[in-house]
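K.L.:
Handing you a structure now.
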Amino acid sequence: MSDLKVDRNAKTLRELTLEKLREAIVQGYFRPGARLVERTLCDELGVSRTVVREVLRHLETEGLVDIVSRQGPVVARLDPTQVSEIYELRGLLEANAARACAKNATPELVEKLRSIRRKIEDAFARNAFAEVLTQTESFYDVLFEGAQKSVSLSVVRSLNTRINRLRALTISSTGRGEESNREMNALLEAIERGDGDAAFEASAAHIRRVAGLAQEALSQSSEPE
């Protein structure tokens, strides 16, 4: 991300700033542990200090920012224990939703999921990783809605920012797109067949693999464990 300047349009300035700063942290523009100096952010984003403060407080609730004594706001570090817990919870919720989605599957639902899968594959082919993240969120939104798991979806949405941050760690790694596409298409095929057990296993296997990739990426990073 070479330009953080906010484009003023129909959204509120606060919403635009929140999106920009969230994306910058998720994609690694600001590294874990980096100080987020309000004056510098005002200059880079082109917004007031009041807006920056509101956004930083919001990002703290999302787990992306920590307020450190005598330092102020910093980018939250990725803790391996918390990462394991996030993937454990995500695995349980997504696998159960996949099973329910397969049982509830209709041709219209399957086609909607397939359409999103095509967009994800195309984005991977273009190395458009931000688009991959956006479309992947959309895929799971449709899956959970098809499963009629609204409470589970609300829990996953509360974790989405941190989940996307973990996805961003590995999304550009060699073979990541091919493996992900293969696994997610296996999941979609199981849903189309109405095979709940196969959908559960396909989802669980995918989460196990990406959880391992994320932990490996963390261990190779400069972040202290």
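Since every read-out is calculated from the coordinates, none of them should be taken as a lab result. Just so it is clear, the model here is predicted, and its values are computed rather than measured. Glycine also receives a Cβ, built like all others from the backbone with ideal geometry; neighbour counts cover every protein chain displayed.
K.L.:
Along the Cα→Cβ direction, 7 angstrom out, place labels at Glu145 and Arg35. What is the inter-label distance in nm?
P.N.:
For the pair Glu145/Arg35, the computed spacing is 4.4 nm.
K.L.:
List the lysines whose Cα lies under 24 Å from the Cα of Lys11, skipping any in the same chain that are fewer than 8 positions away.
P.N.:
Lys20
K.L.:
Shifting gears a bit: Amide H to amide H under 5 Å from Gly33: which residues, 5+ apart in sequence or cross-chain, H placed 1.01 Å off N in plane?
P.N.:
Val75, Ala76, Arg77
K.L.:
Another question, if that's okay. Along Cα→Cβ, 7 Å out, is where each label goes; now give me the distance between the ones at Ser138 and Gln27 in nm to one decimal.
P.N.:
That separation, rounded to one decimal, is 1.7 nm.
K.L.:
Which of rounded, prolate, oblate describes the range 13-75, given a ≥ b ≥ c as roots of the alpha-carbon gyration tensor eigenvalues and a/c under 1.5 marking rounded, otherwise prolate only if a/b is larger than b/c?
P.N.:
rounded
K.L.:
Continuing with the same structure: Given the DSSP H assignment, sum -39500 (n - 2.57) over each helix run of at least 4 residues in the chain and divide by its residue total; what's the result at 222 nm in deg cm²/dmol, nearest 500?
P.N.:
One gets -24500 deg cm²/dmol as the mean residue ellipticity at 222 nm.
K.L.:
Here's something else I'd like to know. In nm, give the distance between the simple-model label positions of Glu189 and Thr81, each being 7 Å from the Cα along the Cα-to-Cβ direction.
P.N.:
Between Glu189 and Thr81, the simple spin-label model gives 4.1 nm.
K.L.:
log10 I(q)/I(0), Debye, Cα-only the chain, no solvent, q = 0.07, 0.13 Å⁻¹?
P.N.:
-0.24, -0.81
K.L.:
In addition: Along the range 12-25, what does the Karplus equation 6.51 cos²θ - 1.76 cosθ + 1.60 (θ = phi - 60°) give for ³J(HN,Hα), rounded to whole Hz, x for Gly and Pro?
P.N.:
5, 4, 5, 5, 5, 5, 4, 4, 5, 6, 4, 4, 4, 6
K.L.:
Next question. Which whole-angstrom value gives the distance between the alpha carbon centres of the range 46-94 and the range 113-133?
P.N.:
Between the Cα centres of the range 46-94 and the range 113-133 lies a distance of 26 Å.
K.L.:
Rounded, prolate or oblate: which fits the range 82-210 when a ≥ b ≥ c are the square roots of the eigenvalues of the alpha-carbon gyration tensor, with rounded for a/c under 1.5 and prolate only if a/b beats b/c?
P.N.:
Judged from the Cα gyration tensor, the range 82-210 comes out oblate (a/c at least 1.5, b/c at or above a/b).
K.L.:
Output ³J(HN,Hα) for the range 118-133: one whole-Hz value per residue in order, computed from phi by the Karplus curve 6.51 cos²θ - 1.76 cosθ + 1.60 with θ = phi - 60°, and x for Gly and Pro.
P.N.:
Karplus values, whole Hz, x for Gly and Pro: 4, 5, 5, 4, 5, 5, 4, 4, 8, 6, 8, 5, 4, 5, 4, 4.
K.L.:
What FRET efficiency, computed as 1/(1 + (r/R0)^6) with R0 = 22 Å and r the Cβ-Cβ distance, is obtained for Thr106 and Asp197, rounded to the nearest 0.05?
P.N.:
E(calc), rounded to 0.05, equals 0.70.
K.L.:
Let me ask something additional. I'd like the Karplus ³J(HN,Hα) series for the range 156-173: coefficients 6.51, -1.76, 1.60, θ = phi - 60°, whole numbers in Hz, and an x wherever there's a Gly or Pro.
P.N.:
3J(HN,Hα) across the range 156-173, in whole Hz: 4, 4, 5, 9, 4, 4, 6, 4, 5, 5, 6, 4, 5, 5, 10, 5, 9, 5.
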